[in-house]
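Written out below as structure tokens is the structure these notes cover.
Just so it is clear, none of the values below were taken in a lab; they were calculated from the coordinates. None of the values given here were measured: they were computed from a predicted structure. Quick reminder, even Gly has a Cβ in these numbers, built from the backbone with ideal geometry, and neighbours come from all protein chains shown.
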Amino acid sequence: MAERRLRESQRIRMMSISLESEAGRVPYTDAHIAAYPIEYIAGIDLYNAGEFHAAHDAWEERWMGEVGAQEKLFLQAMIQSAVAFHHLEIGRPGAARQMYTRAKEKFARLGTNVFMSLDLEDYQAQLDTALSWLLTVPDPRELIQPDLPPPTIRLLPALSDYD
């Protein structure tokens, strides 16, 4: 299963590179691929392709292994942010709101602005733009879902330590 996910991630990355090169920036570099776990990179590709449940699966595979406490918290926040969009896709805005607020809480607990080369302030600002409407009423099922794009994950050039 992991091998199939890796092949799918490679296919999506090639599509992503083609699209991103037209926009002038790819989501990560070869240095990121060498420095970070393949599940993290695969999750980025899947997330950027709108495959939120598959991104969740990739990141969860890493999260379930032996990782440090900070990385585990970071991956859980990324998983929950992806799952929020998956819930919106299947018409569950209440569950999406729950995942969004849980992800925000975990990002806050990380206590850093950059983790695994992801600018967390930028990512969270994009996340807020896409999902904060879920917090405007007691029951988000009362609202018509706005057509707002999900965040695009692009890693900063500098590599960052992780546990």
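The angle between the Cα long axis of helix 93-110 and the longest principal axis of the Cα atoms of the chain comes to about 50 degrees, rounded to the nearest 10. Taking the chain as the reference, fit the longest principal axis to its C-alpha atoms, fit the long axis of helix 69-89 to the helix C-alpha atoms, and give the angle between the two in degrees, 0 to 90, nearest 10. The angle comes out near 50 degrees. Across all Cα pairs in the range 33-79, the calculated P(r) in 10 Å bins from zero up to the longest distance comes to 32, 57, 11 percent per bin. As a length-normalised measure over Cα pairs under 8 Å and 6 or more apart, the relative contact order of the chain settles at 23 percent. Site pair THR136 and ALA34 shows an inter-label distance of 4.7 nm when each label is modelled 7 Å from Cα along Cα→Cβ. For the range 100-163 versus the range 73-93, the spacing of their alpha-carbon centroids is 10 Å.
If all Cα-Cα distances of the range 78-163 are sorted into 10 Å bins from 0 onward, what percent lands in each bin, rounded to whole numbers? It works out to 17, 49, 25, 8, 1, in whole percents. FRET efficiency for GLU66 and ARG25, Cβ-Cβ distance as r, R0 = 30 Å, nearest 0.05? Plugging the Cβ-Cβ distance into 1/(1 + (r/R0)^6) gives 0.35. Across all Cα pairs in the chain, the calculated P(r) in 5 Å bins from zero up to the longest distance comes to 1, 9, 18, 22, 21, 15, 9, 3, 1, 0 percent per bin. In this structure the amide hydrogen of SER117, modeled in the peptide plane, comes within under 5 Å of the amide hydrogens of SER160, none closer than 5 places in sequence on its chain.
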